[in-house]
Amino acid sequence: MWILSILILIVLLSIIIIVHEFGHFMWAKKFGVHIYEFSIGMGPVVFKHKGKDNIDYNLRALPIGGFVAMAGEVYEDDNKIKKEKLMCNKPWYQRLIILVAGVTNNFILAIVVLFLGALIWGSAVSTPKIVEVVKDSAMDKAGVTEGDTIVSINDKKVSSWDKAQLLLIYKSKDNKYKIEIKHENGKKETLYVKPEIIKNEKGEENRVFGFKVESKQNKGFLNAVKYAFTKFIIVIETMAMTIGGLITGKLSIKALSGPVGMYEVVNQGIGYGLNYMLYLLAFLSINVGFLNILPFPAFDGGRVLFLIIEKIKGSKVNQELENKFHTVGFILLMILMIYITIQDIIRFF
């Protein structure tokens with residue numbers, strides 16, 4: 001089973017990487033940028049093909065990324081290439097399109113996959129409406145009853161159950177959550193809930209509130225369209241809240257998962273079938289797209305940041321400075337990935 005899980009994860013990541021890198025590749029080619037190489041994966045080359053367009057199409061050993069090597073991506077790096085074919089000499093808007101094309105493709109892939117999954121199998125949508133309260137649980141003691149709807153948590157409005165879940169994961173002062181609910185008669189009430197904290201065998205804390213929410217199964221074309229875009233927005237919103245939580249300290253870095261964590265998710269979800277795997281593909285694609293557009297060194301967003309600075313100041317940024325910025329960022333990213341992977345191994349094994 002573990003071999004199947006690894007293969008499925010590799011396939012999912014490969015699809016996401018190919019779609020992302022093809023976005024950069026497609027627009028670079030359209031705008032006449034000279035391309036040296038289109039690679040899927042990192043590390044040693046295991047398969048190489050020289051295309052009629054004189055581009056090296058490579059498959060590399062480690063399925064953890066990919067890249068499109070373009071002439072003049074950062075500076076005028078090759079005197080043999082005509083200046084008009086160097087990316088750094090292309091108009092500002094063309095360079096911007098090339099940089100954001102990968103993220104755009106990831107988002108389009110996610111929406112299409114979510115739509116197809118919902119169209120074929122229907123869409124299960126959970127709402128913040130409470131349908132069951134466990135007797136003597138934290139919610140029961142606070143006065144929450146069946147039929148109540150969660151309106152806000154710690155003064156943050158709840159637009160979906162996904163958002164409510166994330167807010168309940170956040171650390172709250174004195175482990176007390178301010179929850180505004182709306183009763184079935186329309187009356188609103190603010191309650192303070194102190195969840196029970198249970199530690200697992202590894203010493204990790206879990207907050208137990210003791211309630212279940214409503215879940216609906218929708219079908220049809222229009223519902224599939226609505227579900228795809230709604231779910232896309234929810235995942236983006238959740239990602240933004242997660243980043244915000246990490247910055248403010250309301251979420252621990254231990255909440256993040258790397259390749260090992262993704263393997264565990266795939267391993268647990270195999271029994272749920274193709275629908276679940278498609279959802280996972282969409283979820284991971286949104287994650288990759290969102291993280292890539294952040295203004296962090298070595299990410300597409302980091303390069304976009306320098307483009308914006310260039311536009312504001314009216315001249316190109318010092319290339320040596322930009323190179324150092326991306327190099328340091330890449331090293332920090334690798335350190336973070338190693339740390340997260342170690343945490344995953346400790347958590348799951």
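The values are calculated or read from the model by the stated rules, or taken from the named source; none is laboratory data. As the structure is a computational prediction, the values presented were derived from the model and not from experiment. Counting neighbours? That spans all protein chains shown, and the Cβs are built from the backbone with ideal geometry, glycine included.
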Quiz item: Can you spot a residue in segment 315-324 that is more than 30 Å from K157 (Cα to Cα) and aliphatic (A, V, I, L, M)?
Solution: yes
Quiz item: Only one of G117, G143 is small (G, A, S), out of contact with any His (no Cβ under 6 Å at 6 or more places or on another chain) and surrounded by fewer than 19 Cβ atoms within 10 Å (Cβ to Cβ); which?
Solution: G143
Exercise. Using the structure shown, decide if D148 is in the same structural domain as E196 (by TED's automatic domain parsing), on the phi > 0 side of the Ramachandran plot and more than 25 Å from the chain's Cα centre (by Cα).
Key: no
Practice problem: Please enumerate the residues belonging to segment 91-106 that are closer than 17 Å to A69 by Cβ and touching a Gly at 6+ places or on another chain (Cβ under 8 Å). | Solution: A101, G102
Self-check item: Qualifying positions in segment 291-319 - touching a residue at least 40 places away in the same chain (Cβ under 8 Å) and outside any helix (DSSP H, G or I)
Solution: L294, K316
Exercise. Can you run down the residue pairs with Cβ atoms below 7 Å, 6 or more apart or on separate chains, where the first is in segment 162-174 and in the same structural domain as S152 (by TED's automatic domain parsing) and the partner is surrounded by fewer than 16 Cβ atoms within 10 Å (Cβ to Cβ)?
Key: K163/E237; L167/N154; L167/K156; S172/N154
Quiz item: Identify, please: which residue in segment 268-324 is surrounded by fewer than 19 Cβ atoms within 10 Å (Cβ to Cβ) and of a type in the set (S, T, N, Q) and is, among those, nearest to E237 (Cα to Cα)?
Solution: N275
Quiz item: Does K316 fit the bill of being modelled with pLDDT under 90, of a type in the set (D, E, K, R) and touching a Cys at 6+ places or on another chain (Cβ under 9 Å)?
Solution: yes
Exercise. Could you tell me which numbered condition K226 fails, if it satisfies all but one of (1) among the basic types (K, R); (2) surrounded by fewer than 16 Cβ atoms within 10 Å (Cβ to Cβ); (3) assigned to a helix (DSSP H, G or I)?
Key: (2)
Quiz item: What residue, of L62, L7, is in a helix (DSSP H, G or I), at pLDDT below 90, among the aliphatic types (A, V, I, L, M) and in the same structural domain as V304 (by TED's automatic domain parsing)?
Solution: L7
Exercise. Those residues that are hydrophobic (A, V, I, L, M, F, W, C) and either in a loop (DSSP other than H, G, I, E, B) or surrounded by fewer than 17 Cβ atoms within 10 Å (Cβ to Cβ) (or both), I need them from segment 170-202; list them, please.
Key: L191, I197, I198
Exercise. Looking for whichever is under 22 Å from F107 (Cα atoms), touching a helix residue (DSSP H, G or I) at 6+ places or on another chain (Cβ under 9 Å) and at pLDDT below 80 here; the options are G289, G258. Which one fits?
Key: G258
Quiz item: Does segment 153-160 contain any residue that is touching a Leu at 6+ places or on another chain (Cβ under 6 Å), crowded, with 19+ Cβ neighbours inside 10 Å, farther than 22 Å from I286 by Cβ and not small (G, A, S)?
Solution: yes
Self-check item: Qualifying position, being in contact with a Ser or Thr (Cβ under 8 Å, 6 or more places away or on another chain), in contact (Cβ under 8 Å) with a residue 24 or more places away in the chain, under 30 Å from K194 (Cβ atoms) and outside any helix (DSSP H, G or I), among S126, S152
Solution: S126
